Amino acid sequence: MVQSSNAAGAKTPDFHIDPEAYDRMYAQSVNDPATFWGEHGKRLDWIKPYTRVKNTSFAYDDVSIKWFEDGTLNVAANCVDRHLATRGDQTAIIWEPDSPDEEALHISYKELHSQVSKMANVLKSMGVGKGDRVVIYLPMIPEAAYSMLACARIGAIHSIVFAGFSPDALGARVNGCDAKVVITADHAPRGGRATKLKDNVNQALLHDVDDVKCLVVKRTGGQIAWREGLDFWWHEEAAKVSADCPPEEMNAEDPLFILYTSGSTGQPKGVVHTSGGYLAYAAMTHEYIFDYHEGDIYWCTADVGWVTGHSYIVYGPLANGATTVMFEGVPTYPDAGRFWQVCEKHKVTQFYTAPTAIRALMGKGIGPVEGSDLSSLRLLGSVGEPINPEAWNWYNENVGKGKCPIVDTWWQTETGGILITPLPGVTKPKPGSATKPFFGVTPVILDDQGNELSGATEGVLCIKDSWPGQMRTVWGDHARFVSTYFEMFKGYYFTGDGCRRDEDGDYWITGRVDDVINVSGHRMGTAEVESALVAHATVSEAAVVGYPHDIKGQGIYCYVTLMDGVEATDELRTELANWVRTEIGPIAKPDVIQWAPGLPKTRSGKIMRRILRKIAENDYDSLGDTSTLADPSVVEELISNRAALA
Ligand code: WTA
């Protein structure tokens, strides 16, 4: 066994596996997945144990994914109840508030059990039952975890909407899954400012879902508008119910949650994850990849509004009986040392964040890092986008002091858990590479025609066979699930990412090959931004592409054609940027808007985004063949407009 050590040189636990064990386990996991997962599925407590482990097909005319299909369990009981006997008094959640002046909370497994049970009873009293949908629109407060687990306890399906999304985006999601209840808070403090969350909910529900009930957590006591008869205070309702709520027996394949995510076309789709396979996969990856051991203080800085928060703040860690840190704030408030102050304060052992945060903090110099004692750290993680070697090195040297393994974890909302990643104790680090597949994961690189490429090569990344954490369907639209992920390359799960494999067999993700852009680690469909733009009265047509951005990874670059007679002014440009911000949310605010008298189109009317991407990148030499354009002169015009912008 390889021994890990932290910066203080203290003796730390053995890694779970070594290179020999990885090879052996990986081989079994892909050659005999039923035996492998049959064994590892036992890490959960089952009410009725499964006998069928894997029943999956990627065949285009018969896509169907089922794991542990005849087993029953309850996810909340696995994350809470089963720990009570052995660790009832251990801290389950450390909550660190937005302001360091407010006190942090330590919530024990016992306390978590009581809060989750009460929340479950409150939801029941509001009419929520097995299979009903509940939308959660909360800041990063403990009630977010209580809500998720309360739904799981009674078999309701939660759908979290990131608290940064606009009322319109929220309304679309409440409608999309036909939610019975929305759980929200009065105001959401973040970075010293408060968002009026409840007001956003009121606005969202105004349209055609105004009978949806709302459970409101009092976070700040700020002013809100109340809908009599429909709105309920969490603290008042909690006082009326018992702290005893027996967990519902659920089938392994019953949906646990829906999470809306952006794709290359149309509106966001509801990714559906189910109970048994998802939880087993989240828990196992959490333990092995983050080298999780008893007594560790594990911190993932994501938001529960994204899949990372689901799998690696709540479900994975709590299934493992871990202590998980939940942070309400932002890395730069009150100053750029906040992350490191929190690491020191809570003696964090594993720290998991996004490259965009690392790059932003890198820009502030090493002063803020050196101000804190980081000797408790044993492992660092990265997720959301490719980490550039410069940021990797900075993270390694200044945060990890050269002694912490770094796991660059590649995965997606759809995959439920991490698929490609270094493993501590196993993998030789390679800055910028996600390296090797986790157990049971079979990555392949295909050419455009769908041929599998071997050896060192580059192409699109697909996965050949199912793993337990995989999404099962798109909510209410199985045909869309099949056409999005299984149509382009028949027999494979298509990830939407480009990828290179080097001579050592290590994988390097090169970014999306579809019309999805990755802004500060957040996925955005260019189609969503385009439809927001054309919804403005002055806009006739819009095309949106990503372009390289120093901090955000990718920025949002919009080409806008105005209606005849509308004057292209700087004021209008600002108005349009703010318009998109209100339509979707602050993360979707365009970075650049370029006026485009015309857009490059093929004779059949298809916009040639390849050309628009090159112009946005200021890369005019490799525009490729423009002769198929209906009107090649628009390209010249766009290039000269681009020059005027720069
Ligand atoms: C990108 C986030 C390179 C990728 C968990 C993927 C990454 C998309 C990495 C999914 C990584 C995520 N290296 N690229 N380590 N992690 N991505 O659904 O393009 O929000 O397809 O899930 O993020 O984003 P999502």
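A few notes on this one:
- Centroid-to-centroid separation of segment 102-151 and segment 304-331 [C-alpha atoms, Å]: 14 Å
- Segment 611-643: GluC sites (Glu not before Pro) in DSSP loop, at most 16 other beta carbons within 10 Å: GLU617
- Hydrodynamic radius (Kirkwood) for segment 74-440, which is based on Cα pairs only, to one decimal in Å: 20.7 Å
- Heavy atoms of LYS130: accessible area, 1.4 Å probe, square angstrom to 10: 110 Å²
- Ordering of 375-383, 389-397 by packing [mean C-beta count within 10 Å, highest first]: 375-383, 389-397
- GluC sites (Glu not before Pro) lying in DSSP loop within segment 220-265, provided at most 16 other Cβ fall within 10 Å: GLU228, GLU249
- Pair SER640, LEU453: separation of 7 Å Cα→Cβ label points (nm): 3.9 nm
- Average silhouette area of segment 386-450, convex hull of alpha-carbon atoms, in square nanometres: 5.6 nm²
- Segment 309-319 - phi-based ³J(HN,Hα) in whole Hz, Karplus 6.51/-1.76/1.60, Gly and Pro as x: x, 5, 7, 10, 10, 9, 5, x, x, 5, 4
- Figure legend: label point modelled 7 angstrom from the Cα of ASN175 along Cα→Cβ; residues of segment 218-262 with amide N under 19 Å from it are 259-262.
- Under 5 Å between amide hydrogens, built in the peptide plane, is the criterion, and for ILE136 it picks out SER159, ILE160, VAL161, ILE183 among residues at least 5 positions away or on other chains.
- Extension gain for ALA568 to VAL209 (0.36 nm times residue separation, less C-alpha to C-alpha distance): 125.5 nm.
- With the largest listed first and rounded to whole Å, the semi-axes of the equivalent ellipsoid of segment 415-519 from the Cα gyration tensor are 24, 16, 13.
- Rh by Kirkwood over Cα pairs, then Stokes-Einstein D for the chain at 0.890 mPa s and 25 °C, µm²/s: 96 µm²/s
- Cα convex hull, segment 74-225: 101 Å³ per residue, rounded to a whole number.
- Potential extension, ALA535-GLN90 segment - 0.36 nm per residue separation minus Cα distance: 155.0 nm
- Value at 222 nm in deg cm²/dmol, rounded to 500, when DSSP H runs of n ≥ 4 in the chain each add -39,500 (n - 2.57): -8000 deg cm²/dmol
- Packing, taken as the mean count of other beta carbons within 10 Å per residue, orders the peptides 542-550, 319-327 from highest to lowest as 319-327, 542-550.
- One compactness figure for segment 520-641 is 1.03, namely its Cα radius of gyration divided by 2.2 N^0.38 Å.
- Whole-number percent relative contact order across the chain, with pairs defined as alpha carbons under 8 Å at least 6 apart: 13 percent
- Mean Kyte hydropathy of -0.5 or more with a Cα span along the axis of at least 15 Å, helices from DSSP in the chain: 142-154, 276-289, 633-645
- Shape category assigned to segment 1-154 from the gyration tensor of Cα positions, a/c cut at 1.5: oblate
- In this view, the solvent-accessible surface of ASP210, computed with a 1.4 Å probe and all protein chains in place, comes to about 90 Å².
- Radius of gyration and Dmax over the Cα atoms of segment 222-270, both given in Å: 18.2, 46
- The residues of segment 349-406 present an accessible area of 33 Å² per residue when probed at 1.4 Å with all protein chains retained.
- In straight-distance terms, cross-link reach from LYS345 covers every one of the aspartates and glutamates whose alpha-carbon lies under 17 Å from its own, apart from those fewer than eight places away in the same chain; here that gives GLU96, ASP98, ASP101, GLU102, GLU103, ASP296, GLU328, ASP335, GLU370, ASP373.
- Residue-by-residue Karplus 3J(HN,Hα) for segment 236-250, coefficients 6.51, -1.76, 1.60, Hz, glycine and proline x: 6, 5, 4, 5, 8, 10, 7, 9, 10, 8, x, x, 6, 7, 10
- Residues SER622 and ARG24, FRET efficiency given R0 of 41 Å [Cβ-Cβ distance, rounded to 0.05]: 0.35
- Surface composition of segment 74-440: carbon and sulfur make up 49 percent of the accessible area, probe 1.4 Å.
- Here the extension length gained between ILE366 and GLU102 equals 92.4 nm, from 0.36 nm per residue of separation less the Cα-Cα distance.
The values are calculated or read from the model by the stated rules, or taken from the named source; none is laboratory data. Here the structure is a predicted model, which means the values were calculated and not measured. Every residue, glycine as well, gets a Cβ built from its backbone with ideal geometry; the counts of neighbours run over all protein chains shown. Note: accessible area is taken over every heavy atom of the protein model, side chains too, but ligands, DNA and RNA are not part of it. Shrake-Rupley method; radii C 1.70, N 1.55, O 1.52, S 1.80 Å.
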